[in-house]
Structures are given as structure tokens and as C-alpha cells.
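Structure record follows, encoded as C-alpha cells.
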Amino acid sequence: MTISNNDLKKYSSLNRKIKRKEHQLFVVEGEKICKELIKNDFEYESIFITKNIQNKFPLSTICSKKEIRRISHLKSSSNIVAICKIPTYQINSKDKKPLIYLDNVSDPGNLGTIIRTLDWFGYKQLFCSKNTVDCFNNKSVMASMGSIFRINCHYIDFDNFQKLFPEHTIYGTTMDGENVGSIKFRKKSIIVIGNESNGVSKEIMYNINNNVRIQGYGKAESLNVSVATGIILNELAKINPQK
């Protein structure tokens, strides 16, 4: 089957956030992640494959490698691309887990890794400032390794977010806060993770109840934001590891 030129043009434009928003679609690439989207019953518009993997994805549409290359956002394209529908998520205001809020995290690979780490620790939702990178950016999707299909990402400004959870204690990650290993986090906690270079914004810092830092012992100036998030999630797991 040949994909129409109009569809090829539309799908290839999905590497831009404005076009993903316009069409409410995003691209998934690679056999492993496409298997994850099918396994999780994630809604998609089409899956396109080359003939040599037809036995692995029998309900997909066969097309040429050239057509897949036009849709692909990778330098070395896969034999499969899926066109997925961007879902509309509802915020779970009764979530018993601590809440993670990302403030202007700008690197899509970091965001994808954070999503994957949240999935590992059993989280179902993530909150992001509106200037945080798009979770459906191809690099974010790839870095999540399929966890994007299990984590609901909500983009919301901090003031409105805080109003939804007025009883929660707010912790902000800084370079000069209390050691994360010695803090007794409350069950109703919000953890704000800041921008890779500038940390938590001044506007949000005014709302922080407690500053948190990760104790370092070497000479590195800082931790990667996704690594730092993983360390904090491990500490939070000690509050109530089963829920």
C-alpha cells in the first residue's frame, strides 16, 4: 500500500510541537515501543511496517522503507512507525502517592527518562509546567521506552496545580536544602524538580515549604535532572512502598 502524499506530509510534520497539537497525533518508532503501545491498548491511527516484519505485526499496513523514512524522526529509521492519538487525561486528585512537578525541564531525553523512572516506581501521573518540553516529542517518547503509555502527563501552571492539592507539603529541589536522606517526607507531598541549568523558578520557590538537596561526595558540580529525580523517588518509596 502507498501512503497518500497528504498523509505523508502530515505525518512527517509531527516532529514539530505545533503540528502535534494541531493534528492531536504523535509518532512512535521501533519494534519494542510499538509492541508496548499495542500491549497497553494505547489508541493509534495507523501502524506502518516494511514487509520483512509483517509476521510480528500482522494487523499493520505494509509500506515502503522510503515512506517510513519520510515519517521517521530518527537519523537511522526503523522498519515500523506508529501514528498515535494524543490522549486527554483527567487529573487524579485522590492520588495517594507523592506528586512530582517538573518546572521547565527542557531536555526531551531527560523527560522521557523521568517518565520511565516514575513507571518503575509505580506512579501513574506526572505534572509539568507549561514550559516543560512536550512529552510527545519523539526523543521523550523514545527515552521513555514505552512508559509514556502508562504515565499520564498533565501540563498545568503551578498556581492551579497547587489549588488542586491544598493539603500537600511542597518540597523544592535546591543545592542548599536539607539532605534528602534525612527528610521525613509526608505522605501528602509535592516534589518540585527544576530546570537543568537554573533550578526551580523564583515564582515557584515562593511557595516551597522545604528545600531538598541530594548530598554529593565527589567533585561533579551537579546531577543530571533525571538521575536526581530517580534518587528522590527512591527516598519517597520509603513512605509507603506498596501504594
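The values are calculated or read from the model by the stated rules, or taken from the named source; none is laboratory data. As the structure is a computational prediction, the values presented were derived from the model and not from experiment. Note: ideal-geometry Cβ built from the backbone for every residue, glycine included; neighbour counts use all protein chains shown.
Could you identify the single residue in K202, K187 that is touching a residue at least 40 places away in the same chain (Cβ under 8 Å) and out of contact with any strand residue (DSSP E or B) (no Cβ under 6 Å at 6 or more places or on another chain)?
The match here is K187.
The set of residues in the stretch 224-243 that are within 24 Å of V133 (Cβ to Cβ), of a type outside the set (V, I, T) and buried (at least 17 other Cβ atoms within 10 Å of the Cβ) comprises S226, A228, G230, L233, L236. Checking each residue in the stretch 47-80 for being in contact (Cβ under 8 Å) with a residue 60 or more places away in the chain and within 22 Å of the chain's Cα centre (by Cα) picks out I71, H73, L74. For the stretch 157-179, the tally of residues that are touching a Lys or Arg at 6+ places or on another chain (Cβ under 8 Å) and over 19 Å from K97 (Cβ atoms) stands at 7. Taken together, the residues in the stretch 180-202 that are more than 23 Å from K96 (Cβ to Cβ) and part of a strand (DSSP E or B) amount to 2. If you go through the stretch 12-33 and keep only what is over 17 Å from P87 (Cβ atoms) and of a type outside the set (S, T, Y), you end up with N15, R16, I18, K19, E29, G30, E31, K32.
For the stretch 198-212, the tally of residues that are surrounded by 12 or more Cβ atoms within 10 Å (Cβ to Cβ) and either of a type in the set (V, I, T) or under 19 Å from H168 (Cα atoms) (or both) stands at 10. Residues in the stretch 83-114 that are within 22 Å of K238 (Cβ to Cβ) and of a type in the set (V, I, T): I100, T113, I114.
Only residues that are touching a His at 6+ places or on another chain (Cβ under 9 Å) and within 14 Å of I148 (Cβ to Cβ) were counted in the stretch 82-121, giving 2.
Checking the structure you have, find out if any residue of the stretch 212-222 is touching a strand residue (DSSP E or B) at 6+ places or on another chain (Cβ under 6 Å), part of a helix (DSSP H, G or I) and not polar (S, T, N, Q). Scanning the stretch 212-222 turns up no residue that is touching a strand residue (DSSP E or B) at 6+ places or on another chain (Cβ under 6 Å), part of a helix (DSSP H, G or I) and not polar (S, T, N, Q). Screening Y123 against (1) buried (at least 19 other Cβ atoms within 10 Å of the Cβ); (2) farther than 18 Å from K94 by Cα leaves a single unmet condition, (2).
Looking at the stretch 119-136, can you tell me whether even one residue there is in the same structural domain as K35 (by TED's automatic domain parsing), closer than 19 Å to H23 by Cα and of a type outside the set (K, R)? Looking through the stretch 119-136, none of the residues is in the same structural domain as K35 (by TED's automatic domain parsing), closer than 19 Å to H23 by Cα and of a type outside the set (K, R). Is it true that some residue in the stretch 95-102 is over 30 Å from K202 (Cβ atoms), crowded, with 16+ Cβ neighbours inside 10 Å and of a type in the set (S, T, Y)? Looking for residues that are over 30 Å from K202 (Cβ atoms), crowded, with 16+ Cβ neighbours inside 10 Å and of a type in the set (S, T, Y), one finds none in the stretch 95-102, hence no.
Suppose we keep only residues that are under 21 Å from T88 (Cβ atoms) and more than 18 Å from the chain's Cα centre (by Cα) within the stretch 19-38. Which one would you say is surrounded by the fewest Cβ atoms within 10 Å (Cβ to Cβ)? Among those residues, the one meeting the criterion is E22.
Checked against (1) touching a Pro at 6+ places or on another chain (Cβ under 8 Å); (2) under 30 Å from L25 (Cβ atoms); (3) among the aliphatic types (A, V, I, L, M), L164 passes all but a single condition, namely (1).
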